[in-house]
Amino acid sequence: MLNSGLAAYLPLDRRYALACGQTLPDRSVGTALFADLSGFTPLTEALTQAFGPRRGAEELTHCLDRVYDALIAEVERYGGSVVNFAGDAITCWFDAQHMPQQVARRAALCALAMQEAMTPFGAIPLQEQRTVTLALKVAVASGPARRFVVGDPALQLLDTLAGATIARLATAEHLAQKGEVLLDVATATMLGEAATLNEWRMDESTGERFAVLGPLDLPATPAPWPPLPRILHEEELRPWLLPAVYARERGGQGQFLTEFRPVVALFLRFEGLDYDYDAQAGAKLDALLRRVQGIVAHYEGTLIQLTIGDKGSYLYAAFGIPQVHEDDPQRAAQAALELRRLPTELPFLQTIQIGISRGTMRTGGYGGTTRRTYGALGDEVNLAARLMQAAAPGETLVSGRVEAVLAQDFTLHTRPPLAVKGRREPLPIFSLQGNILRRVIRLQEPTYGLPMFGRQAELALVAEKMELAIQGKGQIVGLVGEAGMGKSRLSAEVIRLARRRGLVGYGGACQSYGTNTPYLVWKPICQALFDVDPTLPLPRQLHHLEEEMAWRAPRRLDALPLLAPLLDLPLPENAFTRSLEPKERKGALEALLVECLRASVEQAREQKAALLLVLEDMHWLDPASHDLLETLARVSEEWPLLILLAYRLPDFQRLQGPRIEGLSHFTRIALSDLPPEELEKLIRAKLSQHHIELGGPLPTTLLEQLMARAQGNPFYVEELLNYLNDRGVNPYEPEALIRLEWPASLQQLILSRIDQLSERQKVALKAASIIGRLFRFTWLHGYYPALGEPQRLRTDLDELARLGLTPMDTPEPELSYLFKHIVTQEVTYEGLAYATRAKLHEQLARYLEEHAPGAEVLDLLAYHYGRSENTSKQREYLRLAGEAAQAAYTNEAALEYYRRLLPLLAVPGEQIEVRLKLGCVLELVGQWDAAECHYRETLALAEQYNEVIPVATCQEALGRMMKRQGEYHAAVSWLDQARLNWGQLGEHSGVSRALRELGHTLWDLGEYPEAGRYLTEGLTIARALGDKLGMAEALRWLGTLTTSQGYPGAAHPYLEESLALFREAGNKSGVVWSLNDLGSSLRNHGNYAAARPLHEEQLLIAQEIGDKSGVAYALANLGFVAYFQGEYQPARSRLEEALLMARQMRAKRAIAERLLCLGHVALEQGDYLTARAHYEEALDLFHKTGFKGGLAFWPRGLGYLKAIQGNYAGARTHLEA
């Protein structure tokens, strides 16, 4: 598919190489041209002042695009290619493998033509007869150069030029002045007498000479690029664009990329690469770029730019695009601390310098029609670059604006003020040293300047639960509410109450950037629990820790090294911890932490008190922390323990359902709007705090405005009043309030305005948000006729336009309206429930199919059907819809879309690696959290370092997870990909593993001959390699297959040899599953006495290593044995517990199998309604998974049921089936 908007983000010569199936050489000869615009900053300021921030951004984009269109047109007319943008400058390349002199002359002619093209922009008119001047300076250098493609294709590939010629080009640019063209000696020599050289200049540091070019006595002989030989497809273009840019451009939203937003700019300068003589320079640069991209992406920032120059190279990253976070400065600082350690990871780096600043910046795409880029531009970007240059080697300098935000959590040293061009006074700057090291202590009673208003009933309920905890009845309380509703304030009152009741408390808070950092919320709890003091010498800390362990968990001293990441201590591994597989480490760590907490709990019990754990901001909880929380919650029902959780419900679905909220000792407390009378008390108290000297009655206007803005949210009230106080505004003066433009985040402002609309207007706005930022009247009325007659809807939209929410964009006959700010559309859209969105998207899509067919609408159909529940339309369009949801909307919607996308991503020819990363995150959230987190991080790391082996490993692992969830066809696809990759790498052990997994999956599908072939082939390779674990696994599954084919006698030798090999290797996980299969085989053939001890051993080992799936299967197996031996109540108890665990893991086949046996138990107990319900649910799941073994066993149960009920004909039908 042709998409010139996407292709414009690639250099033109790169596009030709892709279209021709060629690779540009990393060494080339030619002429480089650097063109730098001056006057950009004054233009930005003038447009912002003239038109305001948002329109100013649009006008700036139009102006820059016109300038770049003119300049880039000249470059391409003379056969050059724009390789890089650097703010308001471009670097171009004219390749000259065979005709260097001719190409150098063309480049010089191009430089003069570019100066001529700037003539119309010499004086840009503004309002009130003002003008802003733009000028250009150009440098030209000829010689050899390196051409590198670096970076993670899942994030963005970067195309760059490097080498002595490029360094010389940068030197020339420093010497050039406005309106000039400077040539290096090589270029001037090739021009010969045709060039008029006005003067020569020399760089004092290098001794290099450069000529100022005058008139050129050469014919203007352009050499424009011919048309591309073929259309470039989107899958070829995708790796070269930032994901957010690609999603918006592909979704037709490219015009919405440009905006003003708060951004934190980070510049990093590095040295140590010899681009000309080091053959590995490209690989080293790629490793560096991937590492930086990974670190920046971890904190949800964006690496925007790579620039290679004469005085080192630098990287530019931004935090706040494409998504703003309230803690972007902290994210940038944490990233800087990690980036500063890069020289220890990448020894070729000699030094790193970093600068960070923040402010409101213009973000979006810019450039010409045929060549564009994406970035954030503004004064603060220039300041960050200046700070980078001023930093000492290994130092990070931050601006005063950044320091003001970081001072609470980071150590910063004051540096002498820095003089910056364009600033009247030197600017305060600070050196970032690191995180502040604090000794984490138990929860202390918090101090607040004001009492808590409202929430008395909620506090009383928590107090009741606290008393139950003191009595030894463990309690979990969830405080749920939107941001600012007072969850933290209520938590503080609970802590105050707990201290008065003698409770010992520990607490932690999740971080928005820590959703994939294992056990992050538990770190401060563990550090306080073990009384870690980072100010003490390390030996004393370790000695104290060993003493604590000896008291808390003396039987688990060998597991002490597992605490290293939680305590931030270098605890060396020992024989025990080194022997643990990743899953075993996780289980052992959780068991250790539970036992350590149990010691504190028992100590509290002896003191007739209880333990309090407070976990805040749980909507950012990482999967590993959630697993530990669940484990603790399930074992603590009889503990004197109160766990207090605070989270925003819409953002945290993982706490819902049976995992936490479904527990009997969980209490959910929803914090709704603060009642008006309580909100008024808060307003009066806050004003008295700020204006104690004023007194008097509260102005009615002030109260009304505050109440209307806050809408029952106490945090909004405090922030609004703090804003007034900080600016010295006396709220008791009505005139001051009238003049004041009230502050609020844009989202708060939009929501406040939407809430004041009529119901009809609100419905119209929500229905329009489904269409997008720009919506046609005919589409809106046509797809949602419930909005009323056309004239009534027109009246509502005109009123919204008058209010400035959706102004008219195009008049009749193509009447269209536009959300003035894209955030208005996003906030309105996010306010809709997912089910409502899906219904409305499908209504719109159906309307467009019937009334507006055409190529333009096909993209819209992809967008809207992808957000519907119409599965017949999703296969083609779901990928596009998922990307758009990720770029612009909430994760909940994106998760739903990607669950349906994953099978499509297995189709040959798709970009499997990108799908794997996204699918792993979005398909499996809430189902196999720990595995999802592990494989996502592994895949990201593999792509970051371009390691193909880990990629194949992740594909293999995903196949296993899909198999466990009953998605067998998808599993086969993943595993086959892994098998092929292992084969290409010559990794025979990997091929063997993939074959074994494929064989087992085909067994699940009932394709026994094919399964046997794969398993036998996998076993043969394992034997040849001497891979005992591989042999054991293949033998286990061959035994299972043989049993399924009706040959139990032949199966037992396989299973017994498998078990022996796993025992010999000390592989406890393998022992668990070998015991599972051998015991099941014995049980299925009536040898219950021999099966029971095997399953009991299976349960013990699975519990020991924390294998939840193994525990669930062992419980089910023991339930099966009890059922066959007539012990129906114990059987039911075991099976129900196993079923609960299967449902939590969403393992469809396991759910169905346990339902089937529970149906048998209910049948034997005479509970026929329950039996039938279990059978029917099991049948449905067996059909969905395609598990033929289950389909074979299911009819028997229903047949027996019908026979008992006297329906002999029905019984015969089912039994014969």
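Residues in region 392-433 that are more than 36 Å from the chain's Cα centre (by Cα) and either of a type in the set (Gly, Ala, Ser) or assigned to a strand (DSSP E or B) (or both): 5 in all. With respect to being under 19 Å from Gln1144 (Cα atoms), of a type in the set (Gly, Ala, Ser) and assigned by TED's automatic domain parsing to the domain that holds Ile476, Ser579 falls outside the description.
Each row is one residue, and each column tells you yes or no for (1) out of contact with any helix residue (DSSP H, G or I) (no Cβ under 8 Å at 6 or more places or on another chain); (2) in a helix (DSSP H, G or I); (3) buried (at least 19 other Cβ atoms within 10 Å of the Cβ).
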| site | (1), (2), (3) |
| --- | --- |
| Ser491 | yes, yes, yes |
| Ala498 | no, yes, yes |
| Val532 | no, no, yes |
| Glu546 | no, yes, no |
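Candidates Gly301, Gly359: the one that is buried (at least 23 other Cβ atoms within 10 Å of the Cβ) and under 25 Å from Ser399 (Cα atoms) is Gly301.
Are any residues in region 773-808 of a type in the set (Phe, Trp, Tyr) and either touching a Cys at 6+ places or on another chain (Cβ under 7 Å) or outside any loop (DSSP other than H, G, I, E, B) (or both), and if so, which ones? Residues satisfying the conditions are Phe775, Phe777, Trp779, Tyr783.
Among the residues of region 87-106, which ones are under 20 Å from Asp159 (Cα atoms) and either crowded, with 20+ Cβ neighbours inside 10 Å or of a type in the set (Lys, Arg) (or both)? Selection gives Gly87, Asp88, Ile90, Thr91, Cys92, Trp93, Phe94, Asp95, Ala96.
If you check Gly804, Gly772 for being at pLDDT below 85, crowded, with 21+ Cβ neighbours inside 10 Å and assigned by TED's automatic domain parsing to the domain that holds Leu840, only one passes: Gly772.
For (1) on the phi > 0 side of the Ramachandran plot; (2) assigned to a helix (DSSP H, G or I); (3) of a type outside the set (Gly, Ala, Ser); (4) out of contact with any His (no Cβ under 9 Å at 6 or more places or on another chain), each residue gets a yes or a no:
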residue: Ala604; (1), (2), (3), (4): no, yes, no, yes
residue: Ala609; (1), (2), (3), (4): no, no, no, yes
residue: Leu613; (1), (2), (3), (4): no, no, yes, yes
residue: His619; (1), (2), (3), (4): no, yes, yes, yes
residue: Ser625; (1), (2), (3), (4): no, yes, no, yes
residue: Leu628; (1), (2), (3), (4): no, yes, yes, yes
residue: Leu632; (1), (2), (3), (4): no, yes, yes, yes
residue: Leu645; (1), (2), (3), (4): no, no, yes, yes
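Report yes if some residue within region 625-636 is surrounded by fewer than 20 Cβ atoms within 10 Å (Cβ to Cβ) and either farther than 17 Å from Gly508 by Cβ or among the aromatic types (Phe, Trp, Tyr) (or both); otherwise report no. Scanning region 625-636, I find at least one residue that is surrounded by fewer than 20 Cβ atoms within 10 Å (Cβ to Cβ) and either farther than 17 Å from Gly508 by Cβ or among the aromatic types (Phe, Trp, Tyr) (or both), so the answer is yes.
Does Arg331 satisfy the criteria of being under 18 Å from the mean Cα position of the chain (by Cα) and basic (Lys, Arg)? Considered against the rule, which asks whether it is under 18 Å from the mean Cα position of the chain (by Cα) and basic (Lys, Arg), Arg331 comes out as yes.
Only a single criterion out of (1) in a loop (DSSP other than H, G, I, E, B); (2) surrounded by 16 or more Cβ atoms within 10 Å (Cβ to Cβ) is not satisfied by Lys586, namely (1). Screening the candidates Ala1122, Ala1152, Ala1112 for the property of being under 23 Å from Lys586 (Cα atoms) and among the small types (Gly, Ala, Ser) yields one hit, Ala1112. A single member of Ala670, Ala685 is closer than 30 Å to Ile525 by Cα and modelled with pLDDT of 70 or more, and it is Ala670. Might you let me know whether region 118-136 holds any residue that is at pLDDT 95 or above and hydrophobic (A, V, I, L, M, F, W, C)? No, region 118-136 has no match at all. So which of Arg423, Arg500, Arg455 ends up being at pLDDT below 80 and among the charged types (D, E, K, R)? One residue alone meets the criteria, Arg423.
As a summary of the residue check, Leu569 satisfies the conditions (1) within 30 Å of the chain's Cα centre (by Cα); (2) under 15 Å from Leu628 (Cβ atoms); (3) among the aliphatic types (A, V, I, L, M) except for the one numbered (2).
Within region 471-485, being at pLDDT 85 or above and surrounded by fewer than 20 Cβ atoms within 10 Å (Cβ to Cβ) holds for Gln471, Gly472, Lys473. Within region 285-338, count every residue that is among the charged types (D, E, K, R), modelled with pLDDT under 90 and not in a strand (DSSP E or B). Number satisfying all stated conditions: 5.
The values are calculated or read from the model by the stated rules, or taken from the named source; none is laboratory data. Keep in mind it's a predicted model, so treat the numbers as computed, not measured. With ideal geometry, Cβ positions are generated from the backbone for all residues, glycine too; neighbour counts draw on all protein chains shown.
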